[in-house]
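First comes the structure, then the notes that go with it.
The values are calculated or read from the model by the stated rules, or taken from the named source; none is laboratory data. This is a predicted model, so every value here is computed, not measured. Don't worry about glycine lacking a Cβ; one is built from the backbone with ideal geometry, like all the others, and counts go over all protein chains shown.
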C-alpha cells in the first residue's frame, strides 16, 4: 500500500479509537508519522505498530476513565441529612417569659364568615405552672381562624357573662379573662363548660360567653395571675401557662 494511502487509513483508525476526547492526539500521531523517514523495512513497520498500539492504549484509558462511576466522600462526623427542626416553641428555653399584665394579639383581617371551631379545652399541671390549652379547627389566627385574641388579668374572680349580663364568681383569688374573636365554642365542643381542675394554681376554667362569634373563657387562679401565652400549630391551639 502506498505511504500516503496507508497514512490516511491509519489516520481514520486513530480517529475512530480516540473519538473526541483529545482533539490534539490524532494530529500529534499523524505529525510523528509524517516526519518519519521514507524507508521501508522492519524498523519502519515496528515504529508504525508502536504508534498504533500507543494510540489504542490511550483510547482505552480515556474511555475507562470516562465510564468510571463518581465517588463522593462524606466527611467524618457530618450527617447525611439535616435533622428536622420543629417550629413550635415546646422547649422551656424557647417559651416566652411569664408576665402579669395584659396580653393581646390583634390581626388586621376582615372577619371570616366561618368562625374557628374550638373543639377542646384541656387543663394540666407541670412543675412550676398549670396549663390551659384551647384547641380549634379552622387555621391559625387570620382569615380562616381567630382575628383577635386577648388575655387580661384581674383582681378577684368575678366575671360578667354575655349576653345575659349576669355575674359569676370562680374559685381562686385572682382571674384571667381570655377573649377570642371569630370563634365558636359550641359547634365542635361537647365537653364541660365549667371545669374544676383540682390543680394547685389554675383551679377553675369557665366559659362566660359564646355568642356571635365571640368566645370568652374565664380562669380562676389561686395566687398572682402571672402567665405566659403562645400559639402552636398541628393542631392549631392557644396555650396558656399559669405560674405557680
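Residue 141 meets each of the listed conditions (1) without any contact (Cβ under 8 Å) to a residue 40 or more places away in the chain; (2) closer than 20 Å to residue 210 by Cβ apart from (1). Residues that are within 14 Å of residue 217 (Cα to Cα), over 23 Å from the mean Cα position of the chain (by Cα), assigned to a strand (DSSP E or B) and at pLDDT 85 or above: does region 93-113 have at least one? No: region 93-113 contains no residue that is within 14 Å of residue 217 (Cα to Cα), over 23 Å from the mean Cα position of the chain (by Cα), assigned to a strand (DSSP E or B) and at pLDDT 85 or above. Of the strands (runs of 3 or more DSSP E) that lie entirely inside region 127-244, those containing 3 or more residues that are at pLDDT 95 or above, buried (at least 19 other Cβ atoms within 10 Å of the Cβ) and under 37 Å from the mean Cα position of the chain (by Cα) span 129-137, 174-181, 202-211, 214-221, 237-243.
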